[in-house]
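Asks: One structure follows; several queries about it will come next.
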Amino acid sequence: MAMQPDYEFERRIASRLLDVLIRAAFIGVMAALCYVVFAPFLTLMVWALILAVTLYPLHRSIARKIGGRQGLAATIVVVIGGLLIVTPAALLMNSFGSSIYDFVRAVQNNTLVIPAPPEGVEEWPVVGKKLHGVWSKAHSDMPGLVESLQPKIGELARKALAIVASVGVGLLQFMASFIVAGILMAYGEAGARGSRSIFGRIAGSERGESFAKLSTATIRAVAQGVIGIAFVQATLVGLALLVAHVPWAGVLAVITLVLSVAQVPALIVIVPAIVYIWSSGNYGNGAAIAYTILLLVSGMADNILKPLMLGRGVDAPMPVVLLGALGGMATGGILGMFVGATILALGYQIFMSWVATNPDSIAADPPSATATPSSLR
C-alpha cells in the first residue's frame, strides 16, 4: 500500500524554512546597512582598537600609580602619544605632501630642473640605454618630455594631488585614533570581557579563551615588534633628514617605513642622503660631518629597538606582514598600512591555530593534540 504524503508536515517544514529565510534576509540587510554607515570610520576604528590593545598594559601601569583612575590614565597615555607619535608624524606627513605638491607644480609649470645623467648610466645592463635616453631628454628638454608623455603625466599629476589632499585627512584620522583608543582603554576591563564573550560565542567556550589570548598577543607583537620598530625607525630617519635640510624628507621617511616593515636596512635611504650632503656643496665640512653622524645613528636605531621590542611570540611570516602592510597602504593610505599588517597577521595566526586544533587530528593522535601552539606559549 502506497504511503500518503504528509501535507501537514510539509506545510510546517515550508513555513519554518520561510521563517528562517526571512530572518536571515533581515539580518543580512541590517548588517549591510550598518556596514554602509560604519565604512567611512572602519580604518580609524580598527587602528584605534589596535592602539588600545597595544597600549593597554601601559595604561594599567599608569592607572595603578594614580589610584586606579582609568579616565585620567587614558588621558595621560593619549597626551604622551600625541607628543611623541602624532607630532613627529604630522611634521613628516606635511613634508611628504609638500614635496609631492611642489614636484607636480614644477612639472606643470615647466620649472623642474633635472641634472644630467652621470657617466656610466648608459652602460648599465638591460635598462641602461633607455634610462640614459629618457634622463638626457629630461635634462635638456623637460617640457618636451612632459608633452610626449601626455596624457600619462596628467593622470599621474591628478593622482599625486589626490595623495596630497588625503594627507590632511590622514593626519586627522591619526590624531582621532589616539582619542578613540583612549576612550577604549578607559573601559578596557569591560572591553576585554566583551571580546572573550564574542570569541566564546564564535569558537566555543573552550577555544574562545585561547583565540582571545592569541588575538591580543598577535596584535601586540605586530604593533610593537614590527610596525612599532618600523614607525620609530622611519620617524627618526625622517626627523634627521628634516634637520639636515635634505629634500623630499617626508617621501624618504615613507620609503624607510616600507623598507623597515620588510626588514630592509634603512641605510638604503641614508647612504644616498649622505652622498647628497657631501656632493651638493650646500653644507660646510662641520655641518656635513654632524649631519652624517646624525643620519647614521638614526639609520641604525633598529639595532637597539629590535632586541627591546621583538621576540613577543608572534609566528606570522614576514611576507604575510609585508603583504598586509602594502595592501593596507594601497587601500587606506599610511593608516591602512598599519591596520593591514596587523589584521593580516592576526588572520594568519587565528587560521593556523584553528588548523592546529583540528578535532580529527585530536582523535587520531591524542598525545600531539595536547601540544600548545607556539603562539600561545
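Asks: Of (1) outside any helix (DSSP H, G or I); (2) among the hydroxyl-bearing types (Ser, Thr, Tyr); (3) modelled with pLDDT of 75 or more, Thr111 satisfies all except one. Which?
Replies: Tallying (1) outside any helix (DSSP H, G or I); (2) among the hydroxyl-bearing types (Ser, Thr, Tyr); (3) modelled with pLDDT of 75 or more, Thr111 fails exactly one: (3).
Asks: Looking only at region 37-87, how many residues end up being among the small types (Gly, Ala, Ser) and touching a residue at least 40 places away in the same chain (Cβ under 8 Å)?
Replies: 7
Asks: So, one more: Within region 176-203, can you find the residues that are among the aliphatic types (A, V, I, L, M), surrounded by fewer than 13 Cβ atoms within 10 Å (Cβ to Cβ) and within 27 Å of Val79 (Cβ to Cβ)?
Replies: Answer for region 176-203, where residues must be among the aliphatic types (A, V, I, L, M), surrounded by fewer than 13 Cβ atoms within 10 Å (Cβ to Cβ) and within 27 Å of Val79 (Cβ to Cβ): just Ala190.
Asks: Okay, next question. Given region 243-302, what helices (runs of 4 or more DSSP H) lie entirely inside it while holding 1 or more residues that are closer than 29 Å to Pro317 by Cα and over 21 Å from the mean Cα position of the chain (by Cα)?
Replies: 267-279, 285-299
Asks: Looking at region 39-69, which of the residues that are open to solvent by 90 Å² or more (accessible area, probe 1.4 Å) and either in contact with a Gly (Cβ under 8 Å, 6 or more places away or on another chain) or among the hydrophobic types (A, V, I, L, M, F, W, C) (or both) is farthest from Leu172 (Cα to Cα)?
Replies: Among them, the one singled out is Arg60.
Asks: Please determine whether any residue of region 39-62 is of a type in the set (Val, Ile, Thr) and farther than 18 Å from Ser177 by Cα.
Replies: Scanning region 39-62 turns up at least one residue that is of a type in the set (Val, Ile, Thr) and farther than 18 Å from Ser177 by Cα.
Asks: Is it the case, given these coordinates, that Ile350 is open to solvent by 40 Å² or more (accessible area, probe 1.4 Å) and at pLDDT 70 or above?
Replies: Judged against the criteria, Ile350 is a match.
Asks: Looking only at region 270-282, how many residues end up being touching a residue at least 24 places away in the same chain (Cβ under 8 Å) and open to solvent by less than 70 Å² (accessible area, probe 1.4 Å)?
Replies: 3
Asks: Checking the condition assigned to a helix (DSSP H, G or I), at pLDDT 70 or above and open to solvent by less than 20 Å² (accessible area, probe 1.4 Å), which residue from Val79, Val134, Val104 passes?
Replies: The unique qualifying residue is Val104.
Asks: List every residue pair whose Cβ atoms sit under 7 Å apart, with the two residues 6 or more apart in sequence or on different chains, where the first one lies in region 173-187 and is closer than 13 Å to Leu55 by Cα and the second, anywhere, is among the β-branched types (Val, Ile, Thr).
Replies: Phe178/Val78; Phe178/Val86; Ile179/Val78; Gly182/Thr75; Gly182/Val77; Gly182/Val78; Met185/Val77
Asks: Against the definition (part of a helix (DSSP H, G or I) and modelled with pLDDT under 85), how does Ser61 come out, yes or no?
Replies: So Ser61 does not fit the description; no.
Asks: Still on this model: From Val79, Val86, grab the single residue that is touching a helix residue (DSSP H, G or I) at 6+ places or on another chain (Cβ under 7 Å) and closer than 27 Å to Ser166 by Cα.
Replies: Going through Val79, Val86 in turn, the sole match is Val86.
Asks: Mind checking whether some residue in region 2-18 is closer than 19 Å to Gly336 by Cα, part of a helix (DSSP H, G or I), open to solvent by 80 Å² or more (accessible area, probe 1.4 Å) and of a type outside the set (A, V, I, L, M)?
Replies: no
For every residue, the table says whether it meets (1) free of Cβ contacts under 8 Å to residues at least 40 places away in the same chain; (2) not β-branched (Val, Ile, Thr).
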position: Ser205; (1), (2): yes, yes
position: Phe211; (1), (2): no, yes
position: Gly225; (1), (2): no, yes
position: Ala230; (1), (2): yes, yes
position: Val237; (1), (2): no, no
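The values are calculated or read from the model by the stated rules, or taken from the named source; none is laboratory data. Source: prediction; values computed, not measured. So basically every Cβ, Gly included, is an ideal-geometry build from the backbone, and we count neighbours across all protein chains shown. Side chains are part of the model used for accessible areas, which takes the heavy atoms of the whole protein and leaves out ligands, DNA and RNA. Shrake-Rupley method; radii C 1.70, N 1.55, O 1.52, S 1.80 Å.
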